[in-house]
Amino acid sequence: MFCPNCGRELAPGENVCRACSSAYASPYSRDTVMFLCVIGFLGLSGLHRFYVGRWKGGVLFLLTGGLFGIGTIIDLVKICKRTFEDDNGLPVCS
């Protein structure tokens with residue numbers, strides 16, 4: 001990943017750019033996003049996407065059962081790998 005402000009390459013898991021001191025992490029809680037994603041397996045798919053501001057994907061997941069469960073599994077893996085992004089494109093990793 002690269003810093004959106006100065007373009008410096010960021011190390012994996014690095015949340016603040018050392019060159020320009022800009023924050024590069026979503027303000028949303030990773031634990032909350034993971035909890036809402038797991039609830040998706042109980043029939044309420046897409047809540048995690050609504051929480052981070054990705055409402056179009058949330059509606060799609062809600063109507064299709066998390067894209068028939070496959071999309072929910074993919075999002076859960078992304079959350080675990082800290083690559084799931086909010087509506088601003090910032091990784092949800094804290």
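The values are calculated or read from the model by the stated rules, or taken from the named source; none is laboratory data. Note that the structure is predicted; figures quoted are calculated from it, not measured. All Cβ positions, glycine included, derive from the backbone under ideal geometry; neighbour counts span all protein chains shown.
A few points about this structure:
- Every residue from region 55-80 that is under 10 Å from the mean Cα position of the chain (by Cα) and either without any contact (Cβ under 8 Å) to a residue 24 or more places away in the chain or on the phi > 0 side of the Ramachandran plot (or both): LYS78
- Taking the conditions (1) at pLDDT 90 or above; (2) under 28 Å from LEU10 (Cα atoms) in turn, GLY46 satisfies each one other than (2).
- Checking every residue in region 18-37 against the condition of being of a type in the set (S, T, N, Q), at pLDDT below 95, surrounded by fewer than 14 Cβ atoms within 10 Å (Cβ to Cβ) and in contact with a strand residue (DSSP E or B) (Cβ under 8 Å, 6 or more places away or on another chain) gives at least one match.
- For region 81-94, the tally of residues that are in contact (Cβ under 8 Å) with a residue 60 or more places away in the chain, of a type outside the set (Ser, Thr, Tyr) and in contact with a Phe, Trp or Tyr (Cβ under 9 Å, 6 or more places away or on another chain) stands at 5.
- For LEU90, the conditions (1) surrounded by 17 or more Cβ atoms within 10 Å (Cβ to Cβ); (2) under 10 Å from the mean Cα position of the chain (by Cα); (3) modelled with pLDDT of 90 or more are fulfilled apart from (3).
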